[in-house]
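Only one structure is covered here, and it is reproduced in the block below.
The values are calculated or read from the model by the stated rules, or taken from the named source; none is laboratory data. Everything numeric in this text was worked out from a predicted model, so none of it was measured. All Cβ positions, glycine included, derive from the backbone under ideal geometry; neighbour counts span all protein chains shown.
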Amino acid sequence: MTDRMIDISDEAARLSVRNGLLVIDRGSGESAAEVVVPLTDLAVVVVSHPCVSMSHAVLSGLASAGACLVSCDEKRLPVGMLLPLVGHATQSERFEQQVNASEPTKKRLWAQIVRAKITAQGRHLASVRGKDHGLFAMAKRVRSGDPDNLEAQATRKYWPVLFGKDFRRDREAEDQNRLLNYGYAVLRATVARAIAAAGLHPTIGIHHHNRYDAYCLADDLMEPFRPMVDAAALMWTEMRGVDAPLDKEAKAAMLAALTCRVTFDNESRTLFDASARLASSCALVFAGERDELSLPEAFDAPARPKTV
């Protein structure tokens, strides 16, 4: 799977397809410019500018190439995505196995995900705040299905230490939350793409089950990767302040975090490779071919931009 992400947010553009290439026509007259990118090189295309038009060939071409298209609202925050419909040769069989997964299996997988998420949060705090604030010990106490809701307990410890005691995770707030919203949405699209490629359905979750959520499984499997986005949001707000706009530079910083290396199975991999391996391991668990998920172990800190 490829790892190129494009955010079209600067100016109006027209997207089309030519000879297997995504063609991006920007500007007009003397300022007109054309950028071409092979469809097979793309992982995620984020369309942020309100004056972007595209042909049907763009939608079908991106889907056929296994790429994900993310559309944004008037605030330029992601609100929807288009995923490939067919991602695996035995997709119908894997759908059936996914639907028929037992509750004990799903509870066991959710416990693994929660442990990995809390551990990742602890590592992040230890890196930027000097200690894990008890999250490592909390991760060890997670039981099947997380009946004690240690995921929520860990989160209540994590946010005040990371961003300050007055911070609240509020999707409508005009502070760091805007960065988190954007980063999580692109992360969600990346994981959903990996899920589709593994022949699973992103709606059928392990733990998340909101009837209005079309990406429950993506919301489950993205959990251990969230601190990658948190790290970039922290870095950017320390440089620019919590009131800095969600502009081109801020978005670039958030996207750059998702290109950091992830330690996975004791090897350094891209997020795209790691999420693909996680989704594939999930499919194998549903098929009864393995007992545990392959989960990320650590991630590199995001690089600070040279100029701000």
Region 121-145, residues that are under 23 Å from VAL262 (Cβ atoms) and in contact (Cβ under 8 Å) with a residue 40 or more places away in the chain: GLN121, ARG123, HIS124, SER127, VAL128
Across region 42-61, what is the number of residues that are more than 18 Å from the chain's Cα centre (by Cα), touching a residue at least 12 places away in the same chain (Cβ under 8 Å) and under 21 Å from ALA194 (Cβ atoms)? 2
Please determine, by comparing only the residues of region 98-114 that are touching a Gly at 6+ places or on another chain (Cβ under 7 Å) and buried (at least 19 other Cβ atoms within 10 Å of the Cβ), which one is nearest to HIS208 (Cα to Cα). TRP110
Could you tell me which of the residues ARG188, ARG156 is charged (D, E, K, R), surrounded by 20 or more Cβ atoms within 10 Å (Cβ to Cβ) and not in a loop (DSSP other than H, G, I, E, B)? ARG188
LEU69, sole failed condition from (1) closer than 22 Å to LYS251 by Cβ; (2) modelled with pLDDT of 95 or more; (3) not hydroxyl-bearing (Ser, Thr, Tyr): (2)
If I go through region 251-289 residue by residue, how many of them are aliphatic (A, V, I, L, M), touching a Phe, Trp or Tyr at 6+ places or on another chain (Cβ under 7 Å) and within 16 Å of THR190 (Cβ to Cβ)? 4
Considering VAL45, VAL52, VAL70, VAL23, which residue is surrounded by 13 or more Cβ atoms within 10 Å (Cβ to Cβ), in contact with a Gly (Cβ under 9 Å, 6 or more places away or on another chain) and not assigned by TED's automatic domain parsing to the domain that holds ALA196? VAL70
Please work out which one of (1) under 27 Å from LEU82 (Cβ atoms); (2) in contact with a helix residue (DSSP H, G or I) (Cβ under 8 Å, 6 or more places away or on another chain); (3) not small (Gly, Ala, Ser) is the condition ASP247 fails and give its number. (2)
Please count how many residues of region 74-104 are at pLDDT 85 or above and part of a loop (DSSP other than H, G, I, E, B). 3
